[in-house]
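Q: One structure follows; several queries about it will come next.
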Ligand code: ADP
Ligand code: MG
C-alpha cells in the first residue's frame, strides 16, 4: 500500500513530536501500525442525550445539549477555577475548568447550543462536569458519521495533557485519511470466503468508526479471529518444529515386563481413561521424537499406575527410568507403592532422598552408572550432579507445580538424547488456557475416577457453628474414622498464622480430650523427624485427628480419613482447596469436606466456596479459578505477548479460539510449509509478526 504502516506516528497529521512521545510512553504506540491496532475499549451511543434534571451522580460518558449562560472565575487555594453555568430546558448545572481558562473564554460563546460530554460530579448541591469535551451542536451533528463513538484506552497523563478521546478520534480519522483506509489483507481468500469474514480494511474502519451494530460485530469477529488464528498457527508450528528437531529414543517394543504385569499383576481393571492415556503415551514412546507430555488427572484418578506401566515400557526396551516427587513423604509413598506392585517382577528399584545415608547414596550412584539399577525414585536429590544414569530413557515428575522449568531441564542434561518426560499433575490447567497459551501442548487427561468412589460431600459452615461441626467430627470418630483439620499458612503473616494454628490446636485439644482422642500436629516449623513421627501416628491410625498447616497438601494417603475441615477457608485459593479436599475420599466410606469461614466474605471468596460446594470436578474448578484470577496469575509469570491480546479475550471468546485453532490445524495439515500460493498472504503476515513482535515464550 502507499503508506508504510511502519512510519513513526510523529509524522501523522495532528500528532507531532510531543504527542508522539506521550503516545509512545503511555500506550506503547510507535508506528501507524500500532495506532491502527489501538482498538476501542467500548462504544458510546452518540445519539443519546441526557436532560439536566435526570442526571445521576458519578455517571461517565454523558452527553447533554444546552447553552452556556455565564462564566465566572472563583479563587481557590491554588489558582482559580473557571465555572460556566450550563442550562437546558429542564435545569442548570456547571462546567468547571482548572486550566486553560484563556482559551475557553476566547473560544466558547454564550447562548450558543453546545453538546457537552464527560462525567458528572456532585458538588455544592449541583451537578458539574469538569473539563468536559465541548462541541458546537451544529458541528456535532455534522461530525456524527456514526451513532457509535469509539472510546479509546487512555491514561491520566494522556487526558491531562489534552489527548482526550475527541483528540484521539481526530488522530484516528487523520490516519484513515492519510492511508485512504486501505490496508493490506492478512487472511487468505479461502479463509475469508469459508468463514464469511469482512476484509481487513472494512474491519479496521468499522472497529474505529462503526457504521452500525451489525458491521461492528462483523469487524470484531474478523479481528478477534485473526488475532487468535495467528497465535494458534505459531504455537502449532513451534510444536511441530520441536518434534522434528528434538529426537528421542524409540521404544520399539512392549515387552515381558509390561505384558506380564498387565496380564498377571495388575490389581484392578484399568479405567477407560487410564487405558486411553496409556495408549497416548505408548504412541509417543514408540515414535522417534522426544516425548514431552503432561498427564493431568484429579487426585485419586490413578496416575501412579499409568506412570508405572510407562516405566515398564522403558525397562522393556533396555532403558532406566526415574520418578521424582516434590516431597520426601510423597516419594517414600511412591517407592513403597511401586515396590509392592512390582514384587513379582524382576526389577531393581531404589529410593533416593535428602535423608539417604552417604553409604547408600554411594551404592545408588554406582549401580545407576553401571546399569544395575532399573528405577530410581526420589525427591529432587535426583537432580544432583552426582546422580548419573547409564541410560535414562524416561523421567516422570509428579506434581509439576512444585518444580520449576529450570529444574526439569536439568533432567535433560543427564543424557546424550533427552529422556522422554512425563509430568503428572493434579492441578489441571484449564482447557481454555491449555489451548491458547500452550497451543498444542501434548497432554493426556484422566477424566474418570476408578469405580466405586463416593463423591465427597462438601459443606460451608460459619465459625459460629463450630460446636455443631465438632459434634459431627465426634460422630465420625466414633464410627472409626479419622479427621484432618487444616489451617492456612500464608507466608507474609507466618507468625500470625502460626499463632492461629496453635490457638486452634489448643481449643481442639480441649474439646477432644485425651485419652479418648489422640491428636497429631504437623506444621512447617517442626524438625523433619518430629514431623515424620506425627505423620506416622496419623497414618497408622493411632491419632484420630491431624491438625496441620498446608504441609499435607501433597503427601499423605490415609484411606480411613474421611473428614477434611478447612479453617479460614476464605483465605485459600480454589486450587489449593481442591487439593486439600483430595486428601479424603480415598476409602470406601462416605467422605466430607467442611469449609469453615467467618461471616465476612468478599465476593470472590463467596464464589470460591460456592464452587467447592457445587462441584468435585477439578477442570470445572480450574475454569472458575481462571475467571476469578485471570490468566496471568494462574500462569505465575507473564507469558509475554500470548496473554496480552489486543482484542480477543481467551475466556469470553473461547468459541472463536476453538475455531481459529481448528482452522490453523487444517491449514497446516494441507500445507505444512505454507508454500501454496493461496496461502502466501498468511506466510507473509506470519513473517511480519515474528519480525516485529517477539512474542513467543513457550513452556516445554
Ligand atoms: P493419583 O492420580 O492421585 O496419583 P493414585 O495413583 O494414587 O491417584 O491412585 C489412587 C488410588 O486409586 C490408589 O489406591 C490406586 O491403587 C487406586 N486405583 C488406581 N486406578 C484404579 C482402578 N482402575 N481401579 C481401582 N482402583 C484404582
Ligand atoms: Mg499421586
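Okay, residues lined up against (1) touching a residue at least 24 places away in the same chain (Cβ under 8 Å); (2) in contact with a strand residue (DSSP E or B) (Cβ under 7 Å, 6 or more places away or on another chain); (3) more than 21 Å from residue 55 (Cα to Cα):
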| position | (1), (2), (3) |
| --- | --- |
| 91 | yes, no, no |
| 101 | yes, yes, yes |
| 115 | yes, yes, no |
| 121 | yes, yes, no |
| 125 | no, no, no |
| 130 | yes, yes, no |
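Q: Oh, and also: Specify which of the listed residues (87, 33, 6) is within 20 Å of residue 170 (Cβ to Cβ) and surrounded by 12 or more Cβ atoms within 10 Å (Cβ to Cβ).
A: 33
Q: Exactly one condition in (1) out of contact with any helix residue (DSSP H, G or I) (no Cβ under 7 Å at 6 or more places or on another chain); (2) on the phi > 0 side of the Ramachandran plot is false for residue 181; which is it?
A: Unmet for residue 181, out of (1) out of contact with any helix residue (DSSP H, G or I) (no Cβ under 7 Å at 6 or more places or on another chain); (2) on the phi > 0 side of the Ramachandran plot: (1).
Q: Can you pull out the residues in the stretch 54-72 that are part of a strand (DSSP E or B) and surrounded by 13 or more Cβ atoms within 10 Å (Cβ to Cβ)?
A: Residues satisfying the conditions are 62, 63, 64, 65, 66, 67, 68, 71.
Q: A further question on this structure: Can you tell me which residue is farthest from residue 308 (Cα to Cα) among those in the stretch 388-419 that are modelled with pLDDT of 70 or more and within 14 Å of ligand 1 (Cβ to nearest atom)?
A: Residue satisfying both the conditions and the ranking: 399.
Q: While we're here: For the stretch 565-590, give me each residue that is away from ligand 1 (no atom under 16 Å from the Cβ) and outside any helix (DSSP H, G or I).
A: 565, 566, 567, 568, 572, 573, 590 - these are the residues of the stretch 565-590 that are away from ligand 1 (no atom under 16 Å from the Cβ) and outside any helix (DSSP H, G or I).
The values are calculated or read from the model by the stated rules, or taken from the named source; none is laboratory data. The structure presented is a predicted model; accordingly, all values stated were derived computationally and were not measured. Note that we place each Cβ from the backbone using ideal geometry, even for glycine, and neighbour counts take in every protein chain shown.
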